[in-house]
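Asks: There's a structure below that I have some questions on.
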Amino acid sequence: MLRRNRVGFTLVELLVVIAIIGILVGLLLPAVQAAREAARRMQCSNNLKQLGLALHNHESTFKYMPASEKDIPAASYPTPPNPYRQRATFGTLFHLLPYMEQGNVYNLHDPKRSYLDPVNMIPPYGTMTTAALAPIAAFICPSLAGTPPGDYGPFFQVAGIPHAPAPFSPPRTDYTPIKGLHRTLAVCGGLPSSDTKNGMLGTTDSEKKFAIKFGEVSDGLSNTILFAEQAGRQKLYFRGKPKPGSTLADLGLTLNSYYGDHTLLVSYEGILVGPSTSQEKQAVAPISIFTMKTDFTRSTLEAFKWRWETVPCSSFRKVSRRIY
């Protein structure tokens, strides 16, 4: 009787093959993840480029750049008056919507009124259609993991706005205009210890000075920072890690994350260390040119090739003219 030879794997051989496949996957997965993150970072950088192009197109049309903040004078506020008594109207990013193929979203708002006016707010706070609050992909950095909080309801409750704290989560942005120097960095440039509003899109009079001419940028357009990436708001980060806390009260969150919010703007900042007020003993540790007050992200600094180090003011003055 003939016997058939059976061909197959032994258990040991099968385990060896599985182990080899596991090793290969372990080697390839980080490379794939790194490639995907590089593509996401490239998209984040491209978003900044699109903002710059949109601003140039706005300037070509109106012959000025829209400042980072604007308040409507009380005497010229449209009728009917705003029952929420707010006069702050839309900031720079909102005015760039028509130049980023988002004119349909722009037209659903009334830019002659405050963004905290029932005309420009969805129910229950107002009468605007929810389509007006569609997210704008070009305002979001895809490197950001998850969906950060963006609810303005708790602030409305503190401000005494009716219907609060009902949720109100307008579309976020990870990009922000620069308004000037924070006092902690100003002292390192030999300036008085006070905040300035002489950044590219800063204004010293939010009611009367909304139009900024290219000619006013005395250091040249290519030498002056226009927008910055500050991903993750309302959540705050310190050295790339989320800060503890989960509310405005415990400082785990900051408020301004809506792209139309004119208080979205930030200042070039330094951090003072040590008890001495002597400029020679103050330091920038690290140089955080993208945030207001005390928070910054490692990825943002690395994207602009700033080194993480402590730099005494006496040394920093030699390079400070690069950023203001």
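Asks: So, with a 1.4 angstrom probe, what is the percent of accessible area on region 1-104 that is carbon and sulfur?
Replies: Of the solvent-accessible surface of region 1-104, carbon and sulfur hold 63 percent.
Asks: Leaving out ligands and nucleic acids, note down the accessible area per residue over region 1-125 with a 1.4 angstrom probe, in whole Å².
Replies: 65 Å²
Asks: On to the next question. Just check region 1-130 against the gyration tensor rule for me: Cα atoms, a ≥ b ≥ c as the square roots of the eigenvalues, rounded for a/c under 1.5, and otherwise prolate or oblate depending on whether a/b exceeds b/c.
Replies: prolate
Asks: So if the hydrodynamic radius of region 86-202 is defined as the Kirkwood radius over C-alpha pairs, what does Stokes-Einstein give as its diffusion coefficient at 10 °C and 1.306 mPa s, in µm² per second?
Replies: 97 µm²/s
Asks: What is region 21-111's relative contact order, in percent, from Cα pairs under 8 angstrom and six or more apart in sequence?
Replies: This gives 25 percent for region 21-111.
Asks: If the chain between Ser60 and Ala74 were fully stretched, how many nm would it gain, using 0.36 nm times the residue separation less the Cα-Cα distance?
Replies: Gain in length upon complete extension: 2.1 nm.
Asks: Also, I was wondering about something else. Collect residues whose amide H, placed 1.01 Å from N in the peptide plane, falls under 5 Å from the amide H of Tyr237; neighbours closer than 5 in sequence don't count.
Replies: Under 5 Å from the amide H of Tyr237: Lys243, Phe296.
The values are calculated or read from the model by the stated rules, or taken from the named source; none is laboratory data. Remember, predicted model here, so these are calculated numbers, not experimental data. In case anyone asks, the SASA skips ligands and DNA or RNA and just uses the protein heavy atoms, side chains included. Shrake-Rupley method; radii C 1.70, N 1.55, O 1.52, S 1.80 Å.
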